[in-house]
Structure formats: structure tokens, C-alpha cells
Amino acid sequence: MSEEKEQYSASNIQVLEGLEAVRKRPAMYIGDISAKGLHHLVYEVVDNSIDEALAGYATDIEVTINPDNSITVVDNGRGIPVDMHEKEHKSALEVVLTVLHAGGKFDKGSYKVSGGLHGVGVSCVNALSTYLRAEIHRNGKAYMLEYSCGKPTCDLTVIGESDHTGTMITFKPDDSIFVVHEYDYSTLANRLRDLAFLNAGITLTLTDLRDVAEDGTPRHERFYSAEGLREFVRYIDSNKESLIDDVIDLKTERQGIPVEVALTYNSTYNENVYSFVNNINTIEGGTHLTGFRRGLTSTLKKYAEDNNLLKNAKVEIASDDFREGLTAVVSVKVMEPQFEGQTKTKLGNSEVIGAVQTSVSEALRNYLEENPRQARTIVDKVILAAQARHAANNARKQVQRKSPLSGGGLPGKLADC
Ligand code: 0RA
């Protein structure tokens, strides 16, 4: 065997061993093999198309649940390159579909959302699917490549001419690996809706071919947001009474960390803050959320003090008071995110605290100075929250003083024991 060929077969063996490892310990790669893991496969594929859209080459991403619970994801990007890589005897397409962590291999230095939570890429989806088919439209041609459980079942084949570019991936999750075999429409719809809000300007659609009306039309939804996070917050608060005219939208960048925040205050007493890192919902929060809270609290406090708005408050204001009735979405892009916590959805990068805090402080201060009426409304709400908290504390103390359980020892009945 020539040296080149030897290298080629060696790398092929590595690839197969890699994908075999995924099949042996799927949970290590996709979190779990329950409904969550099953849906995660779709997110891995969609995330690659989102990256292509964020790079400016794709505008539409279509997700279809097929009648057999296989999934098809189509984008109108450049199409994954199919030309043979000289040395490796492999096309970029083969690499993407078979090499673990191939996602970040191209375009270094961009915020790959596909390098996210599990960041395992399409190769894992391939390993965990009894069937995977990639159809690439590029160079005026349509190409096709198919796999079964990560093993190719054909060579890269030209299947015709094409007048457009894009990528289509169809996969059928392996029923012998997953304990749930059916896709849940709303789970996918919710994720695609989030993605549309988080990535303004991209159109995502979901079509369910298992659910077809009598007139032949399948269940279908389109998710698109022109304004992004601002619309996200409006959507979250759609049946709440807003205290300010419109959602505050802050978009900045610090230390190479793009930070986007949208926030509003409503008349409820609840805080409702969603945070995302590289499009991943960080339900456990983390350093970006800490930075946001610090920036919000210190800026509002300083604004209120500087404008002498606290003189009527007569109570001390705590940081919780700044969050009553707050609805916000915080979205940051971090080059090398460190995820921690029970579900690996807590951002750990310490440098993000300062970046977000400074970004939020500066942008929010500008907003407050330019919108004194809205600023006043927010500060009044904060003062009210502080007063309510003090009143509640006092009331509690009063009740406790009157209770036989407080102060002068145990009540009679228990005293003898
Ligand atoms: C690397 C290079 C190029 C495209 C892509 C990756 C690509 C990947 C995916 C995954 C899903 N959809 C995608 N679309 C594109 C393009 C290189 C070039 O054309 O110069």
C-alpha cells in the first residue's frame, strides 16, 4: 500500500472507532437517550444551518418531521463542500458527517453555535441514526451520500443538475438506542421559535407530515423575527401589562464578547429572565446572568441617586427590588464557552461577568438618560417593590410577636414534655 493510502485507511479506522464509541456511550455525547437526546439530534443538525445563516449565506431553514419520525433539515446556504481534500482523500462533507467535533474545523474564530452545549456535531447524529442521507446542491449539481449507523452505504454520487445551492440532511434515529421514538411537535416548535428570536432575519419552518388535515395540508409553522430579542420579550410578556412604552433593547460588544439584552417591566411581582450563550438556553444561568444583574442594579441605582429620585422611598433598596416585574432576555456569544452545573447549562467563563456588566451599564445608562419618563417609571416600580418588601417584613414580625411560638418559651401543651 502507498503511504497515502495507508494514511487514508488509518484515518478511516479512527473515524469508525469514533462513531462506534458514540453508539456505545450515546449519553456521553448527547446528554441522554430519552426524549431530550432524541430532540437534541435535530438541534445539532439545525445548528449547523444556523451557523451558515449567521455567516451570511443562508436565509431559510426548513425542518420536516417525516411520517416515519425521521427528520429532514434543509437550508439554502452554500452547500457543504464536496470536492475531495487532496491529502485525506475525503470531502468536507464526509468529514462533517463522520469526524467527531468537525464542526469548528472550518471558519476558525467565529462564534459557532454548533460548538455549543454538547457540541458534538452532525457526525454524532450520523452514528446514532439507522439511516442518514445528505443531499448537497453546489456547483450546478446535486450530490448525495448515505450512511447507516455511521457507516457509508454508497460513494458520493452526482444525482443530477441543480440551479441552486444548499444542504439537505435526512436522518432516522436508531430505535435500538433511544428509549423514545416519536418527535414532539411542540418541543421542536419551541426551539425553532427561540432560534428565530435569537437570530433575527432567519426564517425557520416546521412541517409535521405525521399530522395532515383532511384537505391534505400538513401541520406547519413559520418562525421569523425581524427585531430579535425585542420581539422575544414582547412574546414572553404578551399577556402581561407593560409598565413602559416599549421593550428596551441593548446591543453592544466588550472584550470581543457580543452582548444583546432586551428588557421590560410589567405590573406583576415576578422576575422572568431567560439567558442564552451561543443560542443555548442556559437554564442554570452563570456569569453572563451575574454580569447582567450587576449592570442593571448598579446603573438603575446610580441613575436614581443622581436624579434624586430615592428621597421619597424612605426604605433601603435591595438588589431583588430591581428585579420585580422584570422580564428580560440576555444573549451572549462566547468563543470558548465553559459549561458547568448539573445539566451543563451554566456558563462558567469568569471574564464574561465584567464584559456583560460594562456593556449593560453603558447601554442602559444611555437609554435612561435619553428616556427620562420611562426611567422614572422603572425607578418608581423599584421603590414600590422595596416598600412592599419592608411592609411584608414588618407584618411578618408583628404576626410572629403575637404567636405563642415566639419569644417567651414553648406553648403550654408542649412545655411539659
Ligand atoms: C464549510 C464550508 C462551507 C460551507 C459549509 C461548511 C456549510 C456547512 C453546513 C452545514 C449545514 N449547512 C451547511 N452549509 C454550509 C462553504 C465553503 C465555500 O463555499 O467556500
Open item on the list: Give the separation of the Cα centroids, the range 316-379 to the range 183-204, in Å.
Closed with: 24
Open item on the list: Strictly over 30 Å apart at the Cα level, which of K90/K141; K302/K333; K251/K381; K302/K344 would you flag in this model?
Closed with: K302/K344
TODO: Specify the angular offset, from 0 to 90 degrees and rounded to the nearest 10, of the alpha carbon long axis of helix 185-198 from the longest principal axis of the alpha carbons in the chain.
DONE: 70
TODO: Starting from the Cα gyration tensor of the range 161-205, multiply each eigenvalue by 5, take the square root, and state the resulting semi-axes largest first in whole Å.
DONE: 25, 21, 7
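Count neighbours as other Cβ atoms within 10 Å of each site's Cβ, and list the GluC sites (Glu not before Pro) in the range 231-306 that are DSSP loop with at most 11 such neighbours.
Of the GluC sites (Glu not before Pro), the ones in loops of the range 231-306 whose Cβ has at most 11 other Cβ atoms within 10 Å are E241.
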Open item on the list: For a quick check: sort I13, I136 by the number of other beta carbons within 10 angstrom, fewest at the front.
Closed with: I13, I136
Open item on the list: At a 10 Å Cβ-Cβ cut-off, how would you order Y235, Y265, Y274, fewest neighbours first?
Closed with: Y235, Y274, Y265
TODO: Return the ratio Rg/(2.2 N^0.38 Å) for the range 200-253, where Rg is computed over Cα atoms only.
DONE: 1.63
Task: the chain: angle of helix 35-54 to the longest principal axis, Cα-based, in degrees nearest 10 - done: 80
- [ ] Collect residues whose amide H, placed 1.01 Å from N in the peptide plane, falls under 5 Å from the amide H of G121; neighbours closer than 5 in sequence don't count.
- [x] none
Open item on the list: Under 10 Å, Cα contacts only: if you run a Gaussian network model on the chain, which one of G201, G348, G56 comes out with the highest mean-square fluctuation?
Closed with: G56
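Using just the alpha carbons, could you tell me how many Å³ per residue the convex hull of the chain encloses?
Dividing the Cα hull volume of the chain by its residues yields 226 Å³.
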Task: Distance histogram in 10 Å bins (all Cα pairs of the range 258-417, percent per bin) - done: 10, 31, 26, 17, 10, 5, 1
Task: Net charge of Cβ neighbours under 10 Å - reference T130; Lys, Arg +1; Asp, Glu -1 - done: -1
Task: Rounded tilt (10° steps) of 351-370 against the dominant C-alpha axis of the chain - done: 60
- [ ] For n ≥ 4 DSSP H runs only, could you compute -39500 (n - 2.57) per run for the chain, divide by its residues and tell me the 222 nm figure to the nearest 500?
- [x] -12000 deg cm²/dmol
Open item on the list: Which of E146, E369 has the fewest other C-beta atoms within 10 Å, and how do the rest follow up to the most?
Closed with: E369, E146
Open item on the list: I want the local charge near D380. Using Cβ-Cβ distances under 13 Å, sum +1 for each Lys or Arg and -1 for each Asp or Glu among the other residues.
Closed with: +2
Open item on the list: Amide H of S91 versus every other amide H placed in the peptide plane: which residues, excluding those fewer than 5 positions away on the same chain, fall under 5 Å?
Closed with: H85
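Only the coordinates and a few stated rules stand behind these numbers; no lab work does. Predicted, not measured: the structure shown is a model, and the values here were computed from it. Glycine also receives a Cβ, built like all others from the backbone with ideal geometry; neighbour counts cover every protein chain displayed.
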